[in-house]
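The values are calculated or read from the model by the stated rules, or taken from the named source; none is laboratory data. All figures in this text were calculated on a predicted structure; none of them were measured in a lab. As a convention, Cβ positions derive from the backbone with ideal geometry for all residues, glycine included, and neighbour counts pool all protein chains shown. Just so you know, the surface numbers come from the protein's heavy atoms only, side chains and all, with ligands and any DNA or RNA stripped out. Shrake-Rupley method; radii C 1.70, N 1.55, O 1.52, S 1.80 Å.
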Amino acid sequence: AAHRRPARPASRSRPVHLPAMKLRVVAFGQRMPAWVDAGWDDYARRMPREFALELVLLKPEPRTRGKAVPQLLAAEALRIAAACKDARIVALDERGEPWTTRLLAANLVRWRDEARDVAFVIGSADGLADSVKRAASAIVALSALTLPHGLVRVVVAEQLYRAVSLLAHHPYHRE
């Protein structure tokens, strides 16, 4: 006879978990200084399973073949589209809309409730193709300043962690 475990009493049932979503950061370039990798890893490790954070690295189009910038960006846009398949796109651009951490948190809740993964896209050295911006649900500026790509990776990871902490009423975020 098979051994069966008795059903758990209702008071000890498993907690109800929120639907999980993937948060992707899509970026160009492979080699970054150690501090970039350390910063990314620290915040990615802190993220709860319900908001899994992953970094998708794409190879930039070579800048030595005499192609015009629009051609380079168009080639990179194809790589971005493949990396963002089935995800809502948030394009990061210095001319985008400034978001607060609270707005980011509210959007994360809405996107999670819609069961949509999200891809935050960091452009290459020449930015993002217009086609990527048109496909994006939002174009967001982290700053009016131009920031190094490695720093942007860390800032995005930190802001996602901060937004999720805010949702969980964790004391990390203070106003």
If DNA, RNA and ligands are ignored and the probe is 1.4 Å, what is the ranking of ASP130, ASP41 by accessible area, most exposed first? ASP130, ASP41
Would you check the accessible area of HIS149, probe 1.4 Å, heavy atoms only, in square angstrom rounded to 10? 70
Helix-only estimate, please: 222 nm mean residue ellipticity of the chain, summing -39500 (n - 2.57) across DSSP H runs of length 4 or more and dividing by its residues, to the nearest 500. -12000 deg cm²/dmol
In sequence order, what are the phi-derived ³J(HN,Hα) couplings for the stretch 48-60 according to the Karplus relation 6.51 cos²θ - 1.76 cosθ + 1.60 with θ = phi - 60°, rounded to whole Hz, with x for glycine and proline? x, 4, 5, 10, 4, 10, 9, 10, 10, 9, 10, 7, x
Positive end of the dipole of the chain, charges at C-beta (+1 Lys, Arg; -1 Asp, Glu), about the Cα centre: which of SER137, LEU53, LEU72 has its Cα farthest in that direction? LEU53
Name the helices (complete DSSP H segments) of the chain with a Cα length along the long axis of 15 Å or more and a Kyte-Doolittle mean of at least -0.5, or state none. 69-83, 101-113, 149-167
List the trypsin sites (Lys or Arg not before Pro) within the stretch 122-175 that fall in a DSSP loop (any state other than H, G, I, E or B) and whose Cβ has at most 16 other Cβ atoms within 10 Å. ARG174
Around GLY150 (Cβ within 10 Å, Cβ-to-Cβ, excluding GLY150; K/R +1, D/E -1) the net charge comes to +1
Once amide H atoms are built 1.01 Å from N in the peptide plane, which residues 5 or more positions from VAL140, or in another chain, come under 5 Å H to H? ALA91, LEU92, ASP93, GLU97
Could you list which residues have their amide H under 5 Å from that of LEU53, counting only those 5 or more apart in sequence or on another chain, with H placed in the peptide plane? LEU23
